[in-house]
Amino acid sequence: QVQLVESGGGLAQAGGSLRLSCQASGGTLNNLAMGWFRQAPGKERALTAAISRSGAYTYYSDSVLGRFTISRGNAKNTVYLQMNSVESEDTAVYYCAAADTDDDYVPSIFVHWGQGTQVTVSS
């Protein structure tokens with residue numbers, strides 16, 4: 001069973017930066033594509049960024065493209081979300097997610113979830 005543990009959330013001022021980390025354990029880690037979803041109050045959970053199992057392919061939602069960067073650690077069981085130029089609209093609970101993939105691509109469905117970490121941006 002894959003377990004995901006997030007860290008790095010907190011409070012940032014608008015225009016500042018935060019970095020989220022997610023460490024995966026269990027399962028076949030080399031086959032995991034990983035992603036970050038976020039859910040703001042009153043809104044649905046939405047995919048924000050994702051990365052293929054090798055790190056060669058990435059996806060970003062339009063709202064964070066050019067500001068956020070997703071990357072994998074050297075051991076591939078860790079994924080990071082570097083959040084730059086944050087805005088009040090980035091305030092949300094951020095969830096790490098993972099999917100078992102049979103090839104190197106960014107999936108649309110994720111089945112493993114972390115508990116979430118709160119990010120609050122003050123303007």
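Residues whose amide H falls under 5 Å from that of G116, counting only those 5 or more places apart or on a different chain, are E6, C96, with hydrogens built in the peptide plane. Taking the Cα centre of the stretch 36-123 as origin and assigning +1 to Lys and Arg Cβ atoms and -1 to Asp and Glu Cβ atoms, the resulting dipole is close to 200 debye.
Taking every alpha-carbon pair under 8 Å whose residues sit at least 6 apart, the chain reaches a relative contact order of 36 percent. For the peptides 12-19, 84-91, the ranking by mean Cβ contacts within 10 Å, running from highest to lowest, is 84-91, 12-19.
The stretch 3-46 and the stretch 53-94 have Cα centres spaced 8 Å apart. When restricted to Cα atoms, the chain yields an Rg and a Dmax of 13.4, 43 Å, respectively. For the peptides 38-45, 25-32, 95-102, the ranking by mean Cβ contacts within 10 Å, running from highest to lowest, is 95-102, 25-32, 38-45. Can you list the residues, at least 5 places off or on another chain, whose amide H is less than 5 Å from the amide H of T48, using H built in the peptide plane? Here W36, F37, R38 satisfy the definition. In sequence order, the stretch 98-113 has phi-based couplings of 9, 9, 7, 10, 9, 7, 9, 7, 9, x, 9, 10, 10, 10, 10, 9 Hz under the Karplus curve 6.51 cos²θ - 1.76 cosθ + 1.60, θ = phi - 60°, and Gly or Pro positions carry x.
Bear in mind these aren't lab numbers, they're just calculated from the coordinates by the rules spelled out. Since this is a predicted model, take the numbers as computed values, not measurements. Note that each Cβ is placed from the backbone with ideal geometry, even for glycine, and that neighbours are counted across all protein chains shown.
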